[in-house]
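Just below is one structure, and these are the notes that go with it.
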Amino acid sequence: MKKNGLRAVIEIGFIIFLFYSNLLMGEFERSGMGQKRGMVWAIRDVFTTANFEIATIAALTGYVLFESLRKKF
């Protein structure tokens, strides 16, 4: 049980990491304001409560989905 819990935390954390890295990269694309305003502004713009809620919901959904696929196949 401990092993499954640790695996869940690692996988959920990794999904959240990918979510935030994708948002941060988006700030530095051609039309993003990160190029003009800098890294500190981009980090403040990306790390918000709303984004954290979205990342958490997406990570939990992704974890449940992939766990069900693992058990099925």
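Where a number appears in this text, it was derived from the coordinates with a stated rule and is not lab data. Fair warning: this is a prediction, and the values are worked out from it, not measured in the lab. Cβ coordinates were reconstructed from backbone atoms using ideal geometry, including for glycine residues, and neighbour counts include every protein chain displayed.
Summing Cβ point charges (Lys, Arg +1; Asp, Glu -1) relative to the Cα centre of the chain gives a dipole of roughly 300 debye. Across the stretch 3-20, computed HN-Hα scalar couplings (Karplus, 6.51 cos²θ - 1.76 cosθ + 1.60, θ = phi - 60°) run 5, 5, x, 5, 4, 5, 4, 5, 5, 5, x, 5, 5, 5, 4, 5, 4, 5 Hz from first to last residue, x flagging Gly and Pro. Candidates 5, 54, 43 compared by Cα position along the dipole of the chain: farthest toward the positive end lies 5, with charges placed on Cβ. Sparsely packed loop sites in the stretch 5-72 (the GluC sites (Glu not before Pro) outside DSSP H, G, I, E and B with at most 10 other Cβ atoms within 10 Å) comprise 29. Every helix of 4 or more DSSP H residues in the chain counts as -39500 (n - 2.57), and over all residues that averages to -28000 deg cm²/dmol at 222 nm.
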